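These notes are about the structure you will find just below.
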Amino acid sequence: MHHVPKKDMGSKRDKLQMWMDIKATMKPPPIFSPWDEKDEAKLDDLRKMQIKLEDTALGRQTTIEQLKVNASINKMDLNELSALEEKVQRAKQIKLDLGTETKISANNPIDRDKKFKSSGCKASDDEVEGAA
């Protein structure tokens, strides 16, 4: 979580030995500098930084998922492509009926059922789950 490799931390015995060495040598603690204007300026720069979605883990994962979808489509035969095309047309019709660009979530049954029922579409759970 904090990107500190646990293997470098040593065992309890190693840590205790390091502490005993520090106590025995009466070594002063490491010097730190108090927070100053330069640190505040760096923080302000970070706050103002615009981060694009593509530059985040979520953006990279989205790109990977899109590549997977494209690869899946390329592997489909004509029957599978026709079935996919029907599902895409149905999804487009639902969005048009709802008058929104809202994404239809196959993983959220409440959201899915509300959108399908309001559109008059009767999709079975198996059909929707198979699309996910």
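The values are calculated or read from the model by the stated rules, or taken from the named source; none is laboratory data. For clarity, every value in this text was computed on a predicted model and none was experimentally measured. Cβ: placed from backbone, ideal geometry, glycine included. Neighbour counts: every protein chain shown. Surface areas here come from the heavy atoms of the whole protein model, side chains and all, with no ligands, DNA or RNA. Shrake-Rupley method; radii C 1.70, N 1.55, O 1.52, S 1.80 Å.
Applying the criterion of being exposed (fewer than 10 other Cβ atoms within 10 Å of the Cβ) and of a type in the set (A, V, I, L, M) to the residues of the range 42-52, the residue that is nearest to the chain's Cα centre (by Cα) is I51.
Residue-wise test of (1) modelled with pLDDT under 90; (2) open to solvent by less than 100 Å² (accessible area, probe 1.4 Å).
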residue	(1), (2)
F32	yes, no
E40	no, yes
G59	no, yes
K75	no, no
